[in-house]
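Asks: Before we start, here is the structure in question, set down as C-alpha coordinates.
The values are calculated or read from the model by the stated rules, or taken from the named source; none is laboratory data. Every value quoted in this text rests on a predicted model; they were computed, and no experiment measured them. Counting neighbours? That spans all protein chains shown, and the Cβs are built from the backbone with ideal geometry, glycine included. Ligands, DNA and RNA are excluded from the accessible area calculation, which covers all protein heavy atoms including side chains. Shrake-Rupley method; radii C 1.70, N 1.55, O 1.52, S 1.80 Å.
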Amino acid sequence: MSVRAFIGLGSNLENPRLQIENALSDLNKIEGTRVIKNSGLFQSPPMGPQDQPDYINAVALLETDLEAESLLDQLQSIENRHGRVRSRHWGERTLDLDILLYGHEQICTARLTVPHQGLAEREFVLYPLQKIQPDLIVPGKGALADLVKACPASGIAFLGTINDSTP
Ligand code: ROI
(Lines give C-alpha, C1' and ligand atoms only; values in the text may rest on other atoms or scores of the structure.)
Protein backbone atom coordinates (compact mmCIF):
# COMPACT_ATOMS: atom_id res chain seq x y z
CA MET A 1 0.00 0.00 0.00
CA SER A 2 1.37 3.40 -0.84
CA VAL A 3 1.95 6.18 1.66
CA ARG A 4 2.04 9.95 1.20
CA ALA A 5 5.27 11.46 2.49
CA PHE A 6 6.44 15.06 2.65
CA ILE A 7 10.13 15.71 1.97
CA GLY A 8 11.98 18.92 2.87
CA LEU A 9 14.67 20.06 0.44
CA GLY A 10 17.34 22.66 1.24
CA SER A 11 20.56 23.92 -0.33
CA ASN A 12 22.84 26.94 -0.03
CA LEU A 13 25.91 25.84 -2.00
CA GLU A 14 26.79 25.20 -5.66
CA ASN A 15 23.81 26.68 -7.48
CA PRO A 16 21.16 25.94 -4.84
CA ARG A 17 18.24 26.51 -7.19
CA LEU A 18 19.53 23.89 -9.62
CA GLN A 19 20.32 21.52 -6.73
CA ILE A 20 16.67 21.66 -5.66
CA GLU A 21 15.26 21.33 -9.18
CA ASN A 22 17.50 18.35 -9.93
CA ALA A 23 16.72 16.74 -6.57
CA LEU A 24 13.00 16.96 -7.31
CA SER A 25 13.42 15.04 -10.53
CA ASP A 26 15.68 12.55 -8.69
CA LEU A 27 12.89 12.01 -6.12
CA ASN A 28 10.53 11.19 -8.95
CA LYS A 29 12.94 8.46 -10.14
CA ILE A 30 13.07 6.55 -6.82
CA GLU A 31 11.64 3.04 -7.25
CA GLY A 32 7.97 2.78 -6.33
CA THR A 33 7.79 6.53 -5.75
CA ARG A 34 6.44 9.57 -7.52
CA VAL A 35 6.31 13.29 -6.79
CA ILE A 36 2.68 14.38 -6.67
CA LYS A 37 3.19 18.06 -5.83
CA ASN A 38 5.88 20.52 -4.95
CA SER A 39 5.73 23.81 -3.08
CA GLY A 40 7.75 25.84 -5.53
CA LEU A 41 10.95 27.56 -4.47
CA PHE A 42 11.48 29.64 -1.33
CA GLN A 43 14.49 31.68 -0.25
CA SER A 44 15.17 31.84 3.48
CA PRO A 45 17.84 33.32 5.74
CA PRO A 46 20.03 30.68 7.39
CA MET A 47 18.97 29.12 10.64
CA GLY A 48 22.30 28.60 12.37
CA PRO A 49 25.53 30.53 11.75
CA GLN A 50 24.67 33.77 9.94
CA ASP A 51 27.91 33.94 7.93
CA GLN A 52 26.58 31.57 5.27
CA PRO A 53 24.46 32.20 2.16
CA ASP A 54 20.66 32.23 2.21
CA TYR A 55 19.03 28.87 1.51
CA ILE A 56 16.76 27.76 -1.26
CA ASN A 57 14.05 25.53 0.20
CA ALA A 58 11.12 23.53 -1.09
CA VAL A 59 8.84 20.72 0.04
CA ALA A 60 7.73 17.79 -2.12
CA LEU A 61 4.75 15.53 -1.61
CA LEU A 62 5.51 11.95 -2.61
CA GLU A 63 3.46 8.83 -2.97
CA THR A 64 5.71 5.87 -2.18
CA ASP A 65 5.58 2.11 -1.75
CA LEU A 66 8.82 2.21 0.28
CA GLU A 67 9.06 1.78 4.04
CA ALA A 68 10.24 4.94 5.81
CA GLU A 69 13.81 3.69 6.36
CA SER A 70 14.14 2.50 2.74
CA LEU A 71 12.97 5.93 1.63
CA LEU A 72 15.62 7.45 3.90
CA ASP A 73 18.28 5.23 2.22
CA GLN A 74 17.17 6.58 -1.16
CA LEU A 75 17.27 10.20 0.05
CA GLN A 76 20.79 9.73 1.43
CA SER A 77 21.91 8.21 -1.85
CA ILE A 78 20.55 11.26 -3.74
CA GLU A 79 22.35 13.59 -1.28
CA ASN A 80 25.58 11.70 -1.88
CA ARG A 81 25.19 11.81 -5.65
CA HIS A 82 24.80 15.59 -5.39
CA GLY A 83 28.26 15.61 -3.81
CA ARG A 84 26.79 16.63 -0.50
CA VAL A 85 29.16 18.86 1.41
CA ARG A 86 28.47 19.74 5.02
CA SER A 87 31.32 21.67 6.51
CA ARG A 88 30.22 22.46 10.10
CA HIS A 89 27.30 21.96 12.46
CA TRP A 90 24.28 23.88 11.13
CA GLY A 91 26.56 25.19 8.40
CA GLU A 92 26.28 25.46 4.65
CA ARG A 93 25.35 22.38 2.60
CA THR A 94 24.96 21.28 -1.00
CA LEU A 95 21.75 19.35 -0.49
CA ASP A 96 19.65 18.31 2.46
CA LEU A 97 16.68 15.95 2.06
CA ASP A 98 14.58 15.28 5.16
CA ILE A 99 11.52 13.12 5.68
CA LEU A 100 9.14 15.63 7.30
CA LEU A 101 6.04 13.42 7.43
CA TYR A 102 5.40 9.80 6.50
CA GLY A 103 1.67 9.14 6.29
CA HIS A 104 0.17 9.69 9.74
CA GLU A 105 3.02 7.86 11.44
CA GLN A 106 5.12 8.93 14.37
CA ILE A 107 8.51 7.24 14.09
CA CYS A 108 11.39 7.36 16.54
CA THR A 109 14.33 5.11 15.69
CA ALA A 110 18.09 5.59 15.86
CA ARG A 111 18.08 6.86 12.26
CA LEU A 112 14.78 8.62 11.92
CA THR A 113 12.40 10.90 13.81
CA VAL A 114 9.08 11.63 12.08
CA PRO A 115 7.49 14.17 12.16
CA HIS A 116 10.86 15.87 11.68
CA GLN A 117 12.15 17.29 14.99
CA GLY A 118 12.52 20.90 13.87
CA LEU A 119 9.34 21.06 11.81
CA ALA A 120 7.26 23.26 14.13
CA GLU A 121 9.96 25.94 14.55
CA ARG A 122 11.17 26.20 10.95
CA GLU A 123 9.56 28.77 8.68
CA PHE A 124 11.39 27.20 5.72
CA VAL A 125 9.44 23.98 6.35
CA LEU A 126 6.05 25.33 7.51
CA TYR A 127 5.48 27.86 4.70
CA PRO A 128 6.30 25.45 1.84
CA LEU A 129 4.14 22.77 3.52
CA GLN A 130 1.28 25.26 3.68
CA LYS A 131 1.61 25.90 -0.06
CA ILE A 132 0.99 22.20 -0.72
CA GLN A 133 -1.64 21.36 1.90
CA PRO A 134 -2.97 24.21 4.08
CA ASP A 135 -5.35 21.93 6.01
CA LEU A 136 -2.63 19.46 7.00
CA ILE A 137 -2.68 17.97 10.50
CA VAL A 138 0.80 17.17 11.78
CA PRO A 139 0.75 14.00 13.91
CA GLY A 140 1.48 14.86 17.55
CA LYS A 141 1.73 18.60 16.81
CA GLY A 142 -1.71 19.67 15.58
CA ALA A 143 -2.97 21.81 12.72
CA LEU A 144 -0.37 23.20 10.34
CA ALA A 145 -2.33 26.49 10.27
CA ASP A 146 -1.75 26.89 14.04
CA LEU A 147 1.94 26.04 13.72
CA VAL A 148 2.28 28.69 10.99
CA LYS A 149 0.50 31.27 13.20
CA ALA A 150 2.97 30.56 16.00
CA CYS A 151 5.96 30.96 13.62
CA PRO A 152 5.73 34.39 12.00
CA ALA A 153 7.60 34.69 8.70
CA SER A 154 10.90 36.46 9.26
CA GLY A 155 12.64 36.75 5.95
CA ILE A 156 11.26 33.84 3.94
CA ALA A 157 10.32 34.72 0.35
CA PHE A 158 8.45 32.74 -2.29
CA LEU A 159 10.46 32.74 -5.50
CA GLY A 160 7.89 31.08 -7.74
CA THR A 161 6.92 27.74 -9.16
CA ILE A 162 9.47 25.25 -10.41
CA ASN A 163 10.09 25.27 -14.08
CA ASP A 164 10.57 21.61 -14.93
CA SER A 165 8.68 18.45 -15.76
CA THR A 166 7.74 17.44 -12.19
CA PRO A 167 4.08 18.03 -11.32
N1 ROI B 1 18.35 27.24 7.29
C2 ROI B 1 17.52 27.46 6.26
N3 ROI B 1 17.05 28.70 6.06
N4 ROI B 1 17.14 26.47 5.42
C5 ROI B 1 17.59 25.20 5.57
O6 ROI B 1 17.23 24.30 4.78
C7 ROI B 1 18.45 24.93 6.65
N8 ROI B 1 18.92 23.67 6.88
C9 ROI B 1 19.67 23.39 7.91
C10 ROI B 1 20.11 24.44 8.91
C11 ROI B 1 21.63 24.46 8.99
C12 ROI B 1 19.52 24.09 10.28
N13 ROI B 1 19.65 25.77 8.56
C14 ROI B 1 18.82 25.99 7.51
O15 ROI B 1 20.06 22.14 8.11
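Asks: Label-point separation (nm) for ASP51 and ILE137, each offset 7 Å from Cα along Cα-to-Cβ?
Replies: The two pseudo-label positions are separated by 4.7 nm.
Asks: Test of understanding: extend the Cα→C-beta vector of LYS29 to 7 Å, then name every residue of the stretch 75-109 with backbone N under 18 Å from that spot.
Replies: Flagged as within label range: 75-84, 95-97.
Asks: Another question, then. Evaluate E = 1/(1 + (r/R0)^6) for ALA110 and LEU159, where r is the Cβ-Cβ distance and R0 equals 45 Å; express this FRET efficiency to the nearest 0.05.
Replies: 0.80
Asks: Can you sort GLU31, GLU105, GLU79 by 1.4 Å-probe accessible area, starting with the largest?
Replies: The residues order as GLU31, GLU105, GLU79, largest area first.
Asks: Still on this model: Can you send over the solvent-accessible area of LEU18, 1.4 Å probe, protein chains only, in Å² to the nearest 10?
Replies: Number for this one is 80 Å².
Asks: Net charge near ILE156: determine it from the other residues with C-beta under 12 Å of the C-beta of ILE156, scoring Lys and Arg +1 and Asp and Glu -1.
Replies: 0
Asks: For ASP146 and TRP90, calculate 0.36 nm times their separation in residues minus their Cα-Cα distance, and state this gained length in nm to one decimal.
Replies: 17.5 nm
Asks: Something else: From Cα pairs below 8 angstrom and at least 6 apart in sequence, can you work out the relative contact order of the stretch 3-160, rounded to a whole percent?
Replies: 29 percent
Asks: Quick check: at a probe of 1.4 Å, how many percent of the accessible area of the stretch 3-160 sits on carbon and sulfur atoms?
Replies: 49 percent
Asks: For the stretch 1-136, just the Cα set please: Rg and Dmax, both in angstrom.
Replies: Rg then Dmax for the stretch 1-136, in Å: 13.9, 45.
Asks: Working with all protein chains in place, sort PHE124, PHE42 by solvent-accessible area computed with a 1.4 Å probe, largest first.
Replies: Putting PHE124, PHE42 in descending order of accessible area: PHE124, PHE42.
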